[in-house]
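Just so you know, all these numbers are worked out from the coordinates, no wet-lab data involved. As the structure is a computational prediction, the values presented were derived from the model and not from experiment. Counting neighbours? That spans all protein chains shown, and the Cβs are built from the backbone with ideal geometry, glycine included.
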Amino acid sequence: MKYKNLFTPVKIGSVTLKNRFALAPMGPLGLADAEGGFNQRGIDYYTERAKGGTGLIITGVTFSDCEVETQSMPNCPNSTYNPVHFIRTSKEMTERVHAYGSKIFLMMSAGFGRVTIPTNLGEFPPVAPSAIPHRWLDKICRPLTREEIHSIVKSFGDGAYHAKRGGFDGVEIHAVHEGYLLDQFAISMFNQRTDEYGGSLENRLRFAREVVEEIKSRCGQDFPVVLRFSLKSMIKDWREGALPGEIFEEKGRDIEEGLETAKLLVQYGYDALDTDVGTYDAWWWNHPPMYQKKGLFRPYCKMVKEAVDVPVLCAGRMDNPEMASEAVEAGECDIVSLGRPLLADPDYVNKLRAGKWEQIRPCISCQEGCMGRVQEFSMINCAVNPQAARERVTAYEPILKSRRVMVVGGGAAGCEAARVLAVRGHKPELFE
């Protein structure tokens, strides 16, 4: 195989992955039901990416807390809202994923805090470590109480325990990354507390430390816990992010503190770091649009990889296999995460392994069907793959008789109609 190093096993804690590819965690809507379980669309969506050869499936963000940030239900799965129902629906999904030789981790979030999208806002004001400005609204957030922090930590233990019962192989914590709630506690610009959760770096990381310790105490030390981690914040000021190549003074977490943070997080018990850079104040870093170069996180992942002794995952437009292979070979990362590319083509990994690179449907980084629809509180989809998150209702049924079909019009719809007809066994003729 041309990219043999991408198809070698790798371990995260006690779990062995069959290859170096992971479905990057995204925030897909429409894949849960009102009781906090996975609906049929969600089960089919994740199973299809396991069927396509991906070694590790990481679900979109889910919540364990139901009290502090009330907007967490029912827009996504929730491992504590109705545990029996969550476990039942999870079991159906994890068994199907495991049937294809893939592993699956549940992504669990401490919450959004000051970056809660206004269309997803529950009780007002939103919470944060301190009384700081909201990212989108001209409002001041409410500081979390100690009791609320302890409640969220306990919910992580409960949720991870239910995830393990539901067949998940591990969890990924969301996150000391992108300026979400745990990250707000970790960054001194956002965390102005004077209690044990503020001040020194160790105090600012106390929330994240208590989360992993709680999960390990409930699920066992050998239960893998990954952390989504941003090495550098790219913040110039409140609501002002730095552009690529721009010289600026970092107001958030700089690289020096980021590397020290990474070492502490591993010391606390995290089994891998899923690494990038950026925050909601510099949103174009964490969700790179088409004008950001491919593999933009590689140099940052390499710094983290050299600082810690656990696997490092690298996402960020890593869909060029030559580049992905080079990144693994050069020790920049251990696992390549594909988010939007696996929305565009769930069979990416199998096609690559079979040497059919030219048959992979490329992601165009347009943000329309994925992040664009999440922002509008709509079900996730993909601009280049109409079957994304609709795998069952748009499945290609077997044909009884092949027919010649005239397709009039060579636009996007006409070409897609002709392609589907050909895939199903018909003989389309396209007329412009």
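Length gained on full extension, residue 7 to residue 429: 148.0 nm, using 0.36 nm per residue less the C-alpha separation.
Applying both filters, DSSP loop and at most 11 other Cβ atoms within 10 Å, to the chymotrypsin sites (Phe, Trp or Tyr not before Pro) of the stretch 359-432 gives 396. Look at the dipole of the stretch 84-194 built from charges on Cβ: of 180, 159, 192, the Cα furthest out on the positive end belongs to 159.
Taken one residue at a time, the phi angles of the stretch 3-14 give Karplus couplings (6.51, -1.76, 1.60, θ = phi - 60°) of 10, 4, 5, 7, 10, 9, x, 8, 10, 10, x, 8 Hz. Gly and Pro are set to x.
Phi-derived couplings, Karplus 6.51 cos²θ - 1.76 cosθ + 1.60 at θ = phi - 60°, listed residue by residue for the stretch 383-395: 5, 10, 9, x, 7, 4, 6, 9, 4, 7, 6, 10, 4 Hz, with x used for Gly and Pro. The modelled label-to-label distance between residue 397 and residue 222, using points 7 Å beyond Cα along the C-beta direction, is 4.8 nm. Shown for 46, 291: other C-beta atoms within 10 Å of each C-beta, ranked fewest to most, produce the order 291, 46. Taking amide H positions as modeled 1.01 Å from N, with prolines and chain starts lacking one, the residues under 5 Å from residue 62 and 5 or more places away or on another chain are 107, 108, 109. Summing charges over neighbours of residue 48, with a neighbour being any other residue whose Cβ is under 13 Å away from its Cβ, gives +2 when K and R count +1 and D and E count -1. Gap in Å between the Cα centre of the stretch 128-147 and the Cα centre of the stretch 1-37? When both Cα centres are located, 33 Å separates them. Straight-line cross-link partners of residue 401 among the lysines, defined as a Cα under 21 Å from its Cα and at least 8 positions apart when in the same chain: 427.
With neighbour counts taken as other beta-carbon atoms within 10 Å, the residues 150, 85 rank, fewest first, as 150, 85. Can you bin the stretch 213-317 into rounded, prolate or oblate? Criterion: square roots of the alpha carbon gyration tensor eigenvalues sorted a ≥ b ≥ c, rounded for a/c under 1.5, prolate for a/b above b/c, oblate for the rest. Prolate. Here the dipole of the chain is about 1660 debye; that uses its Cα centre as origin and unit charges on the Cβ of Lys and Arg (positive) and Asp and Glu (negative).
Please name whichever of 398, 301, 379 sits farthest to the positive end of the charge dipole of the chain, dipole taken about the Cα centre and charges placed at Cβ: Lys and Arg +1, Asp and Glu -1. Checking the options against the dipole of the chain, the answer is 398.
Shown for 251, 293: other C-beta atoms within 10 Å of each C-beta, ranked fewest to most, produce the order 293, 251. Which whole-number percent gives the relative contact order of the chain, counting Cα pairs below 8 Å spaced six or more residues apart? Over the chain, the number comes to 15 percent. If you sort the three axes of the alpha carbon gyration tensor as a ≥ b ≥ c, you get a/c under 1.5 for the stretch 4-395, which makes it rounded. Looking at the chain alone, DSSP beta bridges between its own residues are antiparallel in about 15 percent of cases.
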